[in-house]
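Below: one structure, written as structure tokens.
The values are calculated or read from the model by the stated rules, or taken from the named source; none is laboratory data. None of these values were measured; they are calculated from a predicted model. All Cβ positions, even for glycine, are placed from backbone atoms using ideal geometry, and neighbour counts span all protein chains on display. Just so you know, the surface numbers come from the protein's heavy atoms only, side chains and all, with ligands and any DNA or RNA stripped out. Shrake-Rupley method; radii C 1.70, N 1.55, O 1.52, S 1.80 Å.
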Amino acid sequence: MLIDDISAVAQEAGEIILSAHDLTVKSKPGTANFVTDYDIRVQRFLQEGLLAILPDAHFVGEENDCTDDVFHGYAFIVDPIDGTTNFIRDYRASSISIGLSLDGEIIMGVVYDPYRHELFTAEKGNGAFLNRQAIHVAANPLSNSIICLGTTSYDRSKTDLTFTLARRLFDAALDLRRSGSFALDACAVACGRADLAFEATLNPWDYAAVSCILQEAGGKMSQLDSTPIRLDRPGSIVCGSAIAYREFFDNEFWKIKHTPFS
Ligand code: IPD
Ligand code: CA
Ligand code: CA
């Protein structure tokens, strides 16, 4: 099956991450934005492996300005290492994220955490799985929720917005978490370890795969102003269990001085 073939490529790529040593680190535009030789290597490995499975697919990857048409036919939307800063510091919270779209709609998502050997998968209409066991979002009210935040650390113009929203949510919930890999945060929501995740700006390769996993696990994802996510450009993201997501919008947490989010 297609999803098994894609998962096998992700798991093999995970071995490259686990075997990493003597990294070469370079800065990218913005603050605290890095790329290593392993980001490039893993992306190359994924591109070869995935296009061997679906040779006619388009391919979008974070590194090397790898953009392509995501609205016609199949397109892989890939983050070779989500959590590069963690990877550089051996913090051991990074993942490989592979979304597959068909004519502009995400139909499959695979996220692999090589450190925990956790494989999150979903196919549109067929449920979501962690290591092949079905997963589902939790059913906690916001007052009993764990909220994951992303800090958009590369773009400090979003800092006030991020922490104002974080403060509001902290006051309304149990506690906050920051893993450093948005894909892992959203997977934590999908399997009920957390309840809501948000970030002021992310790129399609950060959320393409998890959008499918989350939805198939019974959760919801959109931009912070409730408009749909975009596969062709960056945007804000909030995702959660159906309950936490609804409370987020019912309470208008996102309305901060009417500042646009993306
Ligand atoms: C980053 C991670 C992080 C999020 C950043 C992302 P990268 O991805 O997902 O959690 O806060 O905004 O860019 O750069 O490590 O692939
Ligand atoms: Ca990323
Ligand atoms: Ca990355």
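Some values worked out for this structure:
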{"read-out": "Average accessible area per residue (Å²) across the chain - probe 1.4 Å, nucleic acids and ligands excluded", "value": "44"}
{"read-out": "Solvent-accessible surface (1.4 angstrom probe) belonging to residue 249, in square angstrom, nearest 10", "value": "40"}
{"read-out": "Accessible surface of the stretch 1-145, 1.4 Å probe, proportion on carbon and sulfur as whole %", "value": "48"}
{"read-out": "Gaussian network model of the chain, springs between alpha carbon atoms under 10 Å - residue of 171, 195, 68 with greatest fluctuation", "value": "171"}
{"read-out": "Normalised contact order of the stretch 132-219, rounded percent, pairs of Cα under 8 Å and 6 or more residues apart", "value": "41"}
{"read-out": "GNM result for the chain, Cα springs below 10 Å: residue of 18, 176, 119 fluctuating most strongly", "value": "18"}
{"read-out": "DSSP beta bridges in the chain [antiparallel fraction, %, rounded to 5]", "value": "80"}
{"read-out": "Table column - 3J(HN,Hα) (Hz), the stretch 98-113, Karplus curve with 6.51, -1.76, 1.60, x for Gly and Pro", "value": "10, x, 10, 10, 10, 6, x, 10, 6, 10, 8, x, 9, 10, 10, 9"}
{"read-out": "Quotient of C-alpha Rg and 2.2 N^0.38 Å, computed over the stretch 162-253", "value": "0.97"}
{"read-out": "Computed lengthening from residue 246 to residue 232, 0.36 nm per intervening residue step minus Cα-Cα distance", "value": "2.4 nm"}
{"read-out": "Residues with amide H under 5 Å from that of residue 118, placed H, sequence gap 5 or more", "value": "113"}
{"read-out": "Label-point gap, in nm, between residue 163 and residue 26 - each point 7 angstrom along Cα→Cβ", "value": "3.2"}
{"read-out": "Fully extended contour minus Cα-Cα distance, from residue 64 to residue 1, at 0.36 nm per residue", "value": "19.7 nm"}
{"read-out": "All Cα pairs of the chain, percent lying beyond 34 Å", "value": "11"}
{"read-out": "Percent of beta bridges antiparallel (DSSP, the stretch 116-226, rounded to nearest 5)", "value": "45"}
{"read-out": "Average Cα contact separation per residue, the chain, under 8 Å, 6 or more apart, as relative contact order %", "value": "17"}
{"read-out": "Other-chain or far-sequence residues with amide H under 5 Å of residue 107's (modelled H)", "value": "100, 101, 102"}
{"read-out": "With every protein chain in place, the stretch 172-219: carbon and sulfur % of accessible area (1.4 Å)", "value": "44"}
{"read-out": "Net length gained if the chain between residue 12 and residue 139 were fully extended (0.36 nm per residue, minus Cα distance)", "value": "42.3 nm"}
{"read-out": "Set of lysines with alpha-carbon distance to residue 255 below 23 Å, sequence-local pairs under 8 removed", "value": "158, 220"}
{"read-out": "Relative contact order computed over the stretch 33-101 (Cα-Cα under 8 Å; 6+ residues apart), in percent", "value": "29"}
{"read-out": "For the chain, calculated [θ]222 nm from helices alone, where every DSSP H run of n ≥ 4 adds -39500 (n - 2.57)", "value": "-10000 deg cm²/dmol"}
{"read-out": "The chain: most fluctuating residue of 73, 218, 83 per GNM, C-alpha cutoff 10 Å", "value": "73"}
{"read-out": "Simple spin-label estimate for residue 118 and residue 225 in nanometres, 7 Å along Cα-Cβ", "value": "3.3"}
